[in-house]
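Asks: Below: one structure in structure tokens.
We did not get these values from a lab; they are worked out from the coordinates using the rules stated. The shown structure was predicted, so the numbers you read here are calculated from the model rather than taken from an experiment. Neighbour counts run over all protein chains shown; Cβ positions are idealised from the backbone, glycine included.
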Amino acid sequence: MADWTAALDENGNLCLGPRVIPPPNSISAQARKFLATPNPLLASQDPPAHQKEAWRKRIARFNAMLEPMAEQMLQAAPAQVETKTIAGVTVHVGTPNQMPERNRGRARIDLHGGGMVLLAGKFAMAGAAMAAARTGCVAYSVDYRVPPDHPYPAALDDIVGVYRELLKTYRPGDLVISGSSGGGNLAAAAALKIRDLGIALPAALVLLTPEVDLTESGDTFETNRHIDVVLKNGLPEMIKLYADGHDLKNPYLSPLFGDFSRGYPPTFIQTGTRDIFLSNSVRMHRALLRAGIEVELHVWEAMPHGGFGGTTPEDAEVQAEVKRFIETHWSRA
């Protein structure tokens, strides 16, 4: 695809060179409105990975821009959040205001998105509240260390350390690990490392529009470039910053290339037809199927990376499917 400038016209159509791509009538009015609304978060460009101080400023600015949204999420979610230190790691613990009796003694470990670099702090805290409210259980949002000061494998070590510590309180069959975008990468990689360390696996894994291939070699990194209104391009500089010179095909960096035949949790994968990471999800699904792992792939019509902003019928359907999947595997365990 030529590197055309993408822009939304006055009618909300995406204009990409000679192409005019309207929001389809096959989705809700709320989702069409989301696709037709410019995203101010896309204005900033990532600096080169070697410019560490520029990255510190970029991260601080981006996280500050998202703090009001995170505060709204905290206020809206019917859950309470307490920040603790678990295995030396900052973890935000969400407890729903109403918890079904069957979910006492069960927990969800949730990993925030942001390309393994952004959205630590307040947004991770909001993730604990949202995960607790949506799942009806205690939720542990791991505020893992991030680059440039803490590149790979710091985040992965934090997550595995927290999981190992929680096994002192929970049975593995009463835990699930979930993550979105970069958090999906970390969730998938953590499951591989937990298995390789000989630690019991959780009941299930939830990967929401996951970045499981840091080589970004899939088809939709080209075909959905600019068409994804949330994440218009791949994350080359962010990946370099996180990987810190390590081989991107290492399964702990790109879980897509892992050996799943040695065991892996039942996995839920969610994406959309406009998601630049659609290929990641499709290929991960096939890799797990080939290894005989139980896996569900859910693809939503016209959905970009991360959904339609969280308030549409489609977003509610995603969350309902996630909850069903988690409860199914808890009951089996």
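Asks: Arrange the following residues from fewest to most other Cβ atoms within 10 Å of their Cβ: S254, S331, S141.
Replies: Working: S254 24, S331 10, S141 29.
Fewest-to-most Cβ neighbours within 10 Å comes out as S331, S254, S141.
Asks: Taking Cα atoms, how many degrees apart are the long axis of helix 122-135 and the longest axis of the chain, rounded to 10 and kept between 0 and 90?
Replies: Once rounded, the angle reads 70 degrees.
Asks: Continuing with this model, one more query. In the chain, what percentage of the DSSP-assigned beta bridges are antiparallel, given to the nearest 5?
Replies: Bridges in the chain are about 45 percent antiparallel.
Asks: Using helices alone, what [θ] at 222 nm do you get for the chain, with -39,500 (n - 2.57) per DSSP H run of 4 or more residues, divided over all residues and rounded to the nearest 500? Mind dumping the intermediate values first?
Replies: Working: 9 runs with 119 residues, N = 333.
Computed ellipticity for the chain at 222 nm equals -11500 deg cm²/dmol.
Asks: Going by the alpha-carbon gyration tensor, a ≥ b ≥ c the square roots of its eigenvalues, is the chain rounded (a/c under 1.5) or, if a/c is not under 1.5, prolate (a/b greater than b/c) versus oblate? Each step should come with its number before you reach the end.
Replies: Values: a/c = 1.41, a/b = 1.32, b/c = 1.07.
It is rounded, given that a/c, with a ≥ b ≥ c, falls under 1.5.
Asks: Treating only the Cβ of Lys, Arg, Asp and Glu as charged (+1, +1, -1, -1), what charge dipole size does region 39-332 show about its Cα centre? Round to the nearest 20 debye. Don't jump to the answer; show the numbers that get you there.
Replies: Numbers: 30 positive and 33 negative charges, 120 e Å.
Around 580 debye, computed over region 39-332.
Asks: Same structure again: Just to check I understand the Karplus step: with θ = phi - 60° and J = 6.51 cos²θ - 1.76 cosθ + 1.60, what whole-Hz values come out for region 243-260, glycine and proline as x?
Replies: 5, 6, x, 6, 5, 5, 8, 4, x, 6, 9, 10, x, 3, 8, x, 9, 8
Asks: Something else about it: Between T328 and Q75, with labels modelled 7 Å along Cα→Cβ, what's the label distance in nm to one decimal, could you check?
Replies: Placing both labels 7 Å beyond Cα along the Cβ direction yields 3.8 nm.
Asks: For region 22-37, just list the computed ³J(HN,Hα) in residue order, Karplus coefficients 6.51, -1.76 and 1.60, θ = phi - 60°, integers in Hz, with x standing in for Gly and Pro.
Replies: Rounded to whole hertz, the list is x, x, x, 6, 7, 10, 5, 4, 5, 5, 4, 5, 4, 5, 8, 9.
Asks: Mean separation of Cα pairs under 8 Å and 6+ residues apart, divided by the residue count of region 39-332: what relative contact order is that in percent? Can you show the working numbers first?
Replies: Details: 617 pairs, mean separation 46.5, N = 294.
Over region 39-332, the number comes to 16 percent.
Asks: Under 5 Å between amide hydrogens, which residues at least 5 positions from L111 or on another chain qualify, with H placed 1.01 Å from N in the peptide plane?
Replies: Hits under the 5 Å cutoff: S178, G179, S180.
Asks: Checking the table K168/K240; K33/K84; K193/K323; K52/K249; K168/K249; K33/K193 against a 31 Å threshold on Cα-Cα, which pairs fail? Walk me through the numbers on the way to the answer.
Replies: Details: K168/K240 35 Å; K33/K84 39 Å; K193/K323 25 Å; K52/K249 24 Å; K168/K249 33 Å; K33/K193 41 Å.
Exceeds cut-off: K168/K240; K33/K84; K168/K249; K33/K193.
Asks: Cα centroids of region 142-182 and region 235-288: how far apart, whole angstrom?
Replies: 17 Å
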